[in-house]
Structure formats: C-alpha cells, structure tokens
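Reading through the structure tokens given below for one structure.
The values are calculated or read from the model by the stated rules, or taken from the named source; none is laboratory data. Just so we're clear, the structure is a prediction, and the values are computed from it rather than from any experiment. Reconstructed Cβ throughout: ideal geometry from the backbone, glycine too, with neighbour counts over all protein chains shown.
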Amino acid sequence: MASFQSELKALNQPTDRGDGCRVFIETYGCQMNVYDSQAIGGLLDKDGFETADDIFDADVVLLNTCSVRELAEHKIISRVGEIRRQRRNADLPPVTVGICGCMAERLGGELQKGTNRVDLVVGVDNYDKLPGMLSELVTSQSSARRKRTATGHRSDAHYVAPPSLYPVNNSHLVTIHKGCDYKCTYCIVPYTRGPQTEKSPQAILDEIHTLVDSGATEVTLLGQNVTAYNWQKELDFAALLESVSGIDGLERIRFLTGHPKDMHPHTMDAIGSLDKVCPWLHLPIQSGSNAVLKRMKRLYKRDEYLEMVDYARRVIPDVTFSTDIIVGFPGETEEDFQATLEVLSRVKYDQIFSFKYSERPGVPAAKLADDISIDEKKRRLAEVMALQEKTWNVEAAREVGKTWTGIVESAARHPRDSWRVRTPNNRKFVVADGLSSNLFSKNTNHGLKIGDEVSALITGFANTTFLTGE
Ligand code: SAH
Ligand code: SF4
Ligand code: F3S
C-alpha cells in the first residue's frame, strides 16, 4: 500500500481538475482553522480551482467549522440553510456546500442527513482529498455520491498554508503541532483533532524560512498546547523557540496556546531571554477552584498556576497575560465561582475569554449532571466580565503618559485615517496617519503602512484599545 507521504507527493503535482470552479471558504472556530483554511485554499489553487468573493459568486461553499460549544455547531447548521436560501432569493442555482474542520470530524456522515444536509464532509486530516472529491462532485453527480465523506485521523497528514494565500498583515500563522493529548473532561478537541502530533522542527523552520523569504517579519506558532511541543522527546518548546529565533529576517515570534501544566520555568526563561519572542502569555486557567480544576482534569492547582504567573513576571520583562474561563461547570458552587473571581483580581489579565459551560456529547464531563441553570451561568458570566472590565480599567489607566512602540497591523475604522498597532506584549493602540510630533515611523516619512514600527504617547483608552495623541 502506498504510504501517505508518497500519496501526498503524487497529489502535489499541479492539475487542472478544478477547471475554474469557484470556491468560497468561510472560517469559524480557532486559529487552527484559520491556518487550515489557508492550506485548503493552497491545495485547491494548485488544482485549478478559483477563489470566489462570496457565496453568490461561488460554485462551492466550504464551511470550516468548530465543535467546541453547542452553539457554535447550531450556528453552522443554520448557516447551511441560510446560504441555500440566500442563493434562491438571488435567483442563483443551488450551490455545492461542504463541511470541513471539527464538525466534519465529529459528525461525519450525519451531516448528510436531515433538513440542512450538505454535499461533502471532509475532516481535519483529509484535506488532500478535497480537490479530487470536489471535482467529482461538480462534474459527475452519480459517482460523487459514494465519495462524499472523508474523515478519520492520520498522524502524518500535516498541511502547509502557502505564503501567497496569507492575508496581508504581518503575523503569519505556523501550526507546529496538531491534536491534543490532554483529556480535559469538558473538551471535544482531542476527539475532533486526534492525538498530539508534532511537525518536525525542520519542517517548521523550512516553513518559516519560506515566509520570511516572501516578506514576513512575524510568526505566530500555533497549536492546542504549544508548550507541550516535544519532538521525539528531544527538542521541546523552549528549544524550538531558540531555533526559530535564529532565523535571519524574522523579527517577532508569538505563540498560542500554552497549557499551564507545560509552562515550565525553563520555558519562561527562554521566552524572557530571547529578544524575538514576544512577552505575552495566553494561559487558560478555566477555573480558580481546585475542586473544579480536578473535575476538569486540568492537572494543575490554582496555587501552582499563580506561582507560574509570578515567576513569569520575574523573568519576562513587560509580560502580559490573557486567559480562558469556563463558568457553570457541573457542580461549580458559589464558593468555587468566587475562587475564579479572586484569580482574576490577583493576576490582572489584559484580556479574558469567558464561556458558559456547554455539554459536549461523548466527553467525560457529559456523565456529570449539567446542574447549573442557564440563568445562573449567565449571571456568573456577566459577573466575570464586569470584574474583568473593572480590573482592566485600573490597569490600563496606569499606562496613560507612557510611550509605546509597536507594529502597524491594519487600517483602523475609527478615527478616520488611523492605523491599528500591536505592541510585542499584545496591547493595541491606534495612531493617526501623518507627521504628528510624537509619532515617528522607522520606514517612511510620509504616512504609515502595514509592518511599520511606530512609537506613540498613550493618552487614554477605550476598552482594550489605547488612544494616542499630542
Ligand atoms: N487548547 C486550549 C483551548 C482549547 S478550546 C487549552 O487547553 O486551553 C478554547 C477554549 O474553549 C477553552 O480554553 C475553554 O475555555 C473553552 N471550552 C472548551 N470546551 C468547552 C465547553 N465544553 N464549554 C464551554 N467552553 C469550552
Ligand atoms: Fe481541550 Fe484541554 Fe486539550 Fe485544551 S488541553 S484542547 S482544553 S483537552
Ligand atoms: Fe473549535 Fe476545533 Fe478549534 S473545536 S476551537 S475549531 S480545534
């Protein structure tokens, strides 16, 4: 039997089987899906498919989906109906709809039953089959029927997003591993993405070299648990950061997401000592209660997490933190919930992403009674968000009067003629274009452009965006 690698080699030969068929990809979920959508775009492009501007301009619509919460899945099912309706209302012929990503993996052929059924289902490790399946589907309805689902995990199926298809900004995503070996009891990801499988350090370095050769100056290393990266148990995440730092022309390295369990002191030492590695840690805590953390199987205790934060503050200059929180996990008492609030007051995160617990079928926590009422979950969520806002407002006010330096990432909508800038520690500010006295650009004297380095005086803030001025 041909190995996956030799199959991939054969598939890597460009073909014209797309025959100009226009494909529109809509991406949901996390950054892994953003990366995968670019990789899918690359595979389709190579085979003569074209990129459609929207669902009205497309012969095929692919939805790259997320299963992490029930609501995310419901939205996709209704989106399929909506796409078909919008096409009908615009007097356009029916469009071929495919589901990729985590829902494809979780639900497989189920997605081809019921009212909003789809034509094609392709899971996260089978995107190399997509061009072939699509061309069969659009050219020959009859043979296509047998081949409309491709799911199942393949450990060596790593896809690479070609630089030409990256959106024009200056942080390029690079997936360093896929899947997850943890089994947090609430989480569907290990089932949809399979076991943790690393890309080799050489493949990662080659990918980044290609990006830098095409003009990239910043990469974001991606994975569900990048801190658990450990190639053949010989080269861990700290060592990988060091190798990536050695790439000439690369200026900044970010990474997402780290599991607190694997954020070892020597990893934080490396982050603190490598100039190119940005001082921003997204470290999901989920809950501040040891009892809940234990039921979630997060494998760390609240105090260990807090010690890690203290250590990071000592060894990583200007470090900032963000986190994920789940409220209303089965059995979460008021006392447990208060413990989460205490952590927020103590750590003073720049940003939190907070979610109401959502039961996922087949995960270990599904055996526990989902016993916190929806109203109570909503109350806890609102309280978490209110506390975060209050804490942040105090912290942000301390920054007024300081001068910050960052990289221009995009044009800002407000105010007019201004740019959005991100600092290495992931803070955002807006600057007006032009030649104001407290604003200078390294690369140009006449206005700014994406990728420029800019310094500005912080004068205020609105939510998490800082304002600058005279
Ligand atoms: N790999 C990352 C995050 C994966 S999913 C980590 O280990 O932290 C992103 C976030 O979604 C999680 O951090 C968690 O806060 C949230 N999440 C995952 N499953 C959930 C569920 N069943 N209900 C509510 N939120 C969930
Ligand atoms: Fe899910 Fe836990 Fe793995 Fe993160 S570490 S992806 S929360 S199982
Ligand atoms: Fe969602 Fe899958 Fe990412 S479940 S969060 S798209 S790994």
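Brief remarks on what is shown
- Given (1) of a type outside the set (A, V, I, L, M, F, W, C); (2) within 13 Å of ligand 1 (Cβ to nearest atom); (3) not assigned by TED's automatic domain parsing to the domain that holds I253, number of the condition N425 does not satisfy: (2)
- Identity of the residue in the stretch 343-359, within 16 Å of ligand 2 (Cβ to nearest atom) and outside any strand (DSSP E or B), that ends up surrounded by the fewest Cβ atoms within 10 Å (Cβ to Cβ): E359
- Unmet requirement for D156, which otherwise passes all of (1) in contact with a Lys or Arg (Cβ under 8 Å, 6 or more places away or on another chain); (2) not in a helix (DSSP H, G or I): (1)
- Top-ranked residue of the stretch 17-33 - restricted to ones that are away from ligand 2 (no atom under 16 Å from the Cβ) and under 30 Å from F355 (Cα atoms), ranked as surrounded by the fewest Cβ atoms within 10 Å (Cβ to Cβ): E26
- Among the residues here, D206 does not qualify as outside any helix (DSSP H, G or I), surrounded by fewer than 19 Cβ atoms within 10 Å (Cβ to Cβ) and either more than 14 Å from ligand 3 (Cβ to nearest atom) or assigned by TED's automatic domain parsing to the domain that holds G41 (or both).
- Candidate set: the stretch 78-96, residues that are surrounded by 18 or more Cβ atoms within 10 Å (Cβ to Cβ) and at pLDDT below 95; chosen: the one farthest from K129 (Cα to Cα): V95
- Taken as a whole, the structure places V168 among residues that are of a type in the set (V, I, T) and at pLDDT below 70.
- In the stretch 215-234, residue nearest to I247 (Cα to Cα) [restricted to those that are within 11 Å of ligand 1 (Cβ to nearest atom) and touching a residue at least 60 places away in the same chain (Cβ under 8 Å)]: L222
- When the test is whether a residue is modelled with pLDDT of 95 or more, assigned by TED's automatic domain parsing to the domain that holds D336 and of a type in the set (D, E, K, R), R380 passes it.
- Residue count for the stretch 425-449, restricted to those that are within 22 Å of I253 (Cβ to Cβ) and modelled with pLDDT of 85 or more: 5
- Hits in the stretch 76-106 - residues which are away from ligand 3 (no atom under 12 Å from the Cβ), in a helix (DSSP H, G or I) and either touching an Asp or Glu at 6+ places or on another chain (Cβ under 9 Å) or under 30 Å from C187 (Cα atoms) (or both): I77, S78, R79, V80, G81, E82, I83
- When the residues of the stretch 97-113 are filtered to those that are over 19 Å from G194 (Cα atoms) and not charged (D, E, K, R), the one that is surrounded by the fewest Cβ atoms within 10 Å (Cβ to Cβ) is Q112.
- Residue in the stretch 333-342 that is of a type outside the set (G, A, S), closer than 23 Å to Q31 by Cα, more than 16 Å from ligand 2 (Cβ to nearest atom) and modelled with pLDDT of 95 or more present: no
- Within the stretch 44-61, being without any contact (Cβ under 8 Å) to a residue 60 or more places away in the chain and crowded, with 18+ Cβ neighbours inside 10 Å holds for A52, I55, A58, V61.
- Any hit, the stretch 321-338, residues being in contact (Cβ under 8 Å) with a residue 12 or more places away in the chain, surrounded by 19 or more Cβ atoms within 10 Å (Cβ to Cβ) and over 30 Å from R106 (Cβ atoms): yes
- So K301, is it within 24 Å of D181 (Cβ to Cβ), in contact with a helix residue (DSSP H, G or I) (Cβ under 8 Å, 6 or more places away or on another chain) and either small (G, A, S) or surrounded by fewer than 19 Cβ atoms within 10 Å (Cβ to Cβ) (or both): yes
- Scan of the stretch 392-414 for residues that are part of a loop (DSSP other than H, G, I, E, B) and loosely packed, with under 11 Cβ neighbours inside 10 Å, ordered by number: R398, G401, K402, R413, H414
- Annotation: of all residues in the stretch 19-56 being within 16 Å of ligand 3 (Cβ to nearest atom) and not in a helix (DSSP H, G or I), the one that is farthest from the chain's Cα centre (by Cα) is I25.
- Looking only at the stretch 268-294, residues that are surrounded by fewer than 21 Cβ atoms within 10 Å (Cβ to Cβ) and outside any loop (DSSP other than H, G, I, E, B) come to 7 in all.
- Matching residues, the stretch 60-71, being under 12 Å from T27 (Cβ atoms) and part of a helix (DSSP H, G or I): none
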